[in-house]
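What follows is a short report on a single structure.
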Amino acid sequence: MNAPPIIRTRSLAKTYLIGHVRVAALDDVSLSVDEGRFVAVTGASGSGKSTLLNLLGGLDTPSSGTIEVAGAVVSAMDREALARYRRHQAGMIFQSFNLIASRTALENVELPLVFSNVDKKERKRRAAELLEKVGLAHRANHRPS
Ligand SMILES: Nc1ncnc2c1ncn2[C@@H]1O[C@H](COP(=O)(O)OP(=O)(O)OP(=O)(O)O)[C@@H](O)[C@H]1O
Ligand SMILES: [Mg+2]
């Protein structure tokens, strides 16, 4: 039997209300993505790409429809569950970096592990290892600017 898809949406819709104008950013989006696949979402500006990614990443909630990721129903999660989902399962690389200006590179990388209650020594070790991996070890103690 085939493994179930890692991501599945059914009839996903997101409507924004601007004043009293309704903007259908997503309308009836049903898709599935198998584990290990790389998928690019392409389309004209304003076609709903960011809206879709925000929903898949647990940053926003749909107006209707369902989202399942790795067997969990993301669209039914409350704020607390979404926070845990973002911390442990969803990774997002933003167009703007969203780094914290007052923290060093090492501290920025370390931050999610602080919220996960990983002990300090282990946090530093893992953050340093990741910076090393992307060729930024020599900038570990520099701030983003
Ligand atoms: N927070 C919001 N409030 C109101 N309308 C929004 C909001 N976010 C997006 N929209 C509208 O929803 C539609 C889809 O926008 P979205 O940002 O998802 O498109 P996009 O495909 O990511 O575009 P781009 O290629 O420019 O990044 C657009 O009409 C946009 O104006
Ligand atoms: Mg966008």
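All of the numbers you see were taken from the coordinates with simple rules; none came from a lab. Fair warning: this is a prediction, and the values are worked out from it, not measured in the lab. Using ideal geometry, Cβ is built from the backbone for each residue, glycine included, and neighbour counts are taken over all protein chains shown.
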Charges only on Cβ, +1 for Lys and Arg, -1 for Asp and Glu: so what's the dipole of the range 1-83 about the Cα centre, in debye to the nearest 20?
200
Between Ser64 and Ser45, what is the label-point separation in nm under the 7 Å Cα-to-beta-carbon projection?
3.1
So, relative contact order of the range 7-88 in percent, Cα under 8 Å, 6 or more apart, is 32
Under unit Cβ charges (Lys, Arg +1; Asp, Glu -1), what dipole magnitude, rounded to 20 debye, does the range 83-137 have relative to its Cα centre?
180
Label-point separation (nm) for Asn2 and Asn141, each offset 7 Å from Cα along Cα-to-Cβ?
5.3
Just the ratio, please: alpha-carbon radius of gyration of the chain over 2.2 N^0.38 Å, N its number of residues.
1.24
For Leu26, what residues show an amide H to amide H distance below 5 Å, using hydrogens built from the backbone and excluding near sequence neighbours?
Lys14
Show me the helices of the chain, taken as full DSSP H stretches, that run 15 Å or more along their long axis by Cα and average 1.0 or above in Kyte-Doolittle hydropathy.
105-115
Cα-based reach from Lys133 at 21 Å (exclusive), listing lysines while leaving out same-chain residues under 8 positions away
Lys120, Lys121, Lys124
Got a sec to turn the phi values of the range 94-100 into Karplus ³J(HN,Hα) couplings, 6.51 cos²θ - 1.76 cosθ + 1.60 with θ = phi - 60°, whole Hz, x for Gly and Pro?
7, 4, 9, 5, 6, 7, 8
